[in-house]
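**Student:** Here it is, the structure, as structure tokens.
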Amino acid sequence: MTVFEDSPEPFDPNDNLPKPEIGAWLTLCVPLATDLCLSAGRVTRTRDSLAEDWGSEGEAAWAMRDANEAAGFRGKWYAEIEDEDGIESEIVASYEVARIE
């Protein structure tokens, strides 16, 4: 199993949402533009850092590391979410989440 390094970026000081439970709905917003909400998804899995074993999701962990670098922040937690139909899924960082329902 491959273990990935966590991102070296600092945590976003405004990132204060608790890690959601499986099944919670997340509303996502563009980092640094909190008035621009994009989409929502149901949580299917959570992780505390990129340093955890992501197994078959390893490619998503590296993509999330790149996203952290671009945003300038690393997540305090990460969630895999799926759309309402359960067809599309993505990995998001805590700093991308505007609301947990």
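The values are calculated or read from the model by the stated rules, or taken from the named source; none is laboratory data. Remember, it's a predicted structure, so these values are computed and weren't measured experimentally. Cβ: placed from backbone, ideal geometry, glycine included. Neighbour counts: every protein chain shown.
**Student:** Which of the numbered conditions does residue 34 fail, given that it passes all the others? Conditions: (1) within 14 Å of the chain's Cα centre (by Cα); (2) modelled with pLDDT under 90; (3) surrounded by fewer than 16 Cβ atoms within 10 Å (Cβ to Cβ).
**Tutor:** Failing condition for residue 34: (1).
**Student:** In addition: Which of (1) at pLDDT 85 or above; (2) hydroxyl-bearing (Ser, Thr, Tyr); (3) closer than 16 Å to residue 72 by Cα does residue 44 not meet, given it meets every other one?
**Tutor:** Here residue 44 meets the rest and fails (3).
**Student:** Sticking with this one: So which residues in the stretch 50-80 are modelled with pLDDT of 90 or more and hydroxyl-bearing (Ser, Thr, Tyr)?
**Tutor:** If the condition is that a residue be modelled with pLDDT of 90 or more and hydroxyl-bearing (Ser, Thr, Tyr), then 78 is the only one that fits.
**Student:** If you don't mind, another one. In the stretch 51-78, what residues are under 18 Å from residue 22 (Cα atoms) and either surrounded by fewer than 18 Cβ atoms within 10 Å (Cβ to Cβ) or not small (Gly, Ala, Ser) (or both)? If you could, list the steps in order and put the result at the bottom.
**Tutor:** Within the stretch 51-78, the first condition is being under 18 Å from residue 22 (Cα atoms), and the residues that meet it are 52, 54, 57, 75-78.
Passing the criteria: 52, 54, 57, 76, 77, 78.
**Student:** Just to check your reading of the model, which residue among 60, 98 is free of Cβ contacts under 8 Å to residues at least 40 places away in the same chain, small (Gly, Ala, Ser) and in contact with a strand residue (DSSP E or B) (Cβ under 8 Å, 6 or more places away or on another chain)?
**Tutor:** Details: 98 fails: free of Cβ contacts under 8 Å to residues at least 40 places away in the same chain.
Just a single option satisfies the conditions, and that option is 60.
**Student:** Would you be able to say whether some residue in the stretch 93-100 is at pLDDT 90 or above, surrounded by 18 or more Cβ atoms within 10 Å (Cβ to Cβ) and in contact with a helix residue (DSSP H, G or I) (Cβ under 7 Å, 6 or more places away or on another chain)?
**Tutor:** yes
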